[in-house]
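Remarks on the structure that follows.
The values are calculated or read from the model by the stated rules, or taken from the named source; none is laboratory data. Bear in mind the structure is a predicted one, so any value in this text is a computation, not a measurement. Ideal geometry is used to build each Cβ from the backbone, glycine not excepted, and the neighbour counts take in all protein chains shown. The accessibility values were calculated without ligands, DNA or RNA, using every heavy atom of the protein model including side chains. Shrake-Rupley method; radii C 1.70, N 1.55, O 1.52, S 1.80 Å.
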Amino acid sequence: MSAAWEPLGPDLWRYPDSCMVYALRGPEGTVVVNAGTGLGAATLGAVARGPVTVLLTHHFRDHSDGALAFAAAGATVLAPVWEREYLLDPEQHFRERQTWNSYDNRWDRFAPVRPLPVTGWLHDWEKRTIGGLEVEVIPTPGATTGAVSYLVMLGGKRLAFVGETIAAPGRVPRLAPLQYDYNDLNGAVNVWHSCRRLLKARPDRLLPSMGEPMDDPATPLHATREAL
């Protein structure tokens, strides 16, 4: 696992952690997408400029737990509004969770094990300027029902930070989270529709949290819909 931020283009870096953590440098600050375990926070100063804002795509703790380290380093943390219960009060969530004779197979047991310092919430289809960058929130449920992707304009390119909606052409990173019910794969239906939404957004590049960047987005998105 790398101990340094890797350049992916002008003002764009990634840090390989428990997921891919991305940093985008805008004219008024730096946007970080997902947090991994937080290892990247220690060396973020090498690429960041101005205020830092961390955007979480969903609540899985291999993507979100590092928000604590980034917040301790001075970053603001924002997350999808539909993931709120898992991020702010996971203990209460686990108290309420039925643990016997359960036909609910959602991966909410992969939620954070401690409250995370989220200070603001992002709504589906919201457009917001963060760090001087225009960010659009695209709802892309799949691994979790509240997951989102972020479409960001950087250097004249429309970059789509898609979380674990897709990992490679025709592939999702893991199938197990898509089995919401005991005998059903409802999450696959959500991913199929999420890929359609990303196609309509017409990004120039896909940047997944568990996979390599893809510079011809339509091809891998169509392949994933066909595979599903």
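For segment 168-203, residues that are assigned to a loop (DSSP other than H, G, I, E, B), of a type in the set (A, V, I, L, M, F, W, C) and open to solvent by 40 Å² or more (accessible area, probe 1.4 Å) total 2. Checking each residue of segment 35-46 against the condition of being closer than 29 Å to Leu178 by Cα, hydroxyl-bearing (Ser, Thr, Tyr) and open to solvent by 40 Å² or more (accessible area, probe 1.4 Å) gives at least one match. When the helices (runs of 4 or more DSSP H) confined to segment 57-112 are screened for residues that are closer than 28 Å to Trp125 by Cβ, of a type outside the set (A, V, I, L, M) and out of contact with any strand residue (DSSP E or B) (no Cβ under 6 Å at 6 or more places or on another chain), those reaching at least 1 such residues are found at 61-64, 84-88, 90-96. Scanning segment 77-92 for residues being out of contact with any Gly (no Cβ under 7 Å at 6 or more places or on another chain), open to solvent by 10 Å² or more (accessible area, probe 1.4 Å) and either over 12 Å from His59 (Cβ atoms) or touching a residue at least 12 places away in the same chain (Cβ under 8 Å) (or both) gives a total of 7.
The residue pairs whose first member lies in segment 115-129 and is under 20 Å from Tyr86 (Cβ atoms), whose second member is open to solvent by less than 50 Å² (accessible area, probe 1.4 Å) and in a loop (DSSP other than H, G, I, E, B), and whose beta carbons are closer than 8 Å, counting only pairs six or more residues apart or on different chains, are Leu116/Asp65; Val118/Leu56.
Criterion first (in a strand (DSSP E or B), open to solvent by less than 70 Å² (accessible area, probe 1.4 Å) and in contact (Cβ under 8 Å) with a residue 12 or more places away in the chain) does Val152 satisfy it?
Values: in a strand (DSSP E or B): yes; open to solvent by less than 70 Å² (accessible area, probe 1.4 Å): yes; in contact (Cβ under 8 Å) with a residue 12 or more places away in the chain: yes.
It is true that Val152 is in a strand (DSSP E or B), open to solvent by less than 70 Å² (accessible area, probe 1.4 Å) and in contact (Cβ under 8 Å) with a residue 12 or more places away in the chain.
Looking only at residues in segment 111-120 that are within 15 Å of Leu56 (Cα to Cα) and surrounded by fewer than 15 Cβ atoms within 10 Å (Cβ to Cβ), the one that is modelled with the lowest pLDDT is Pro115.
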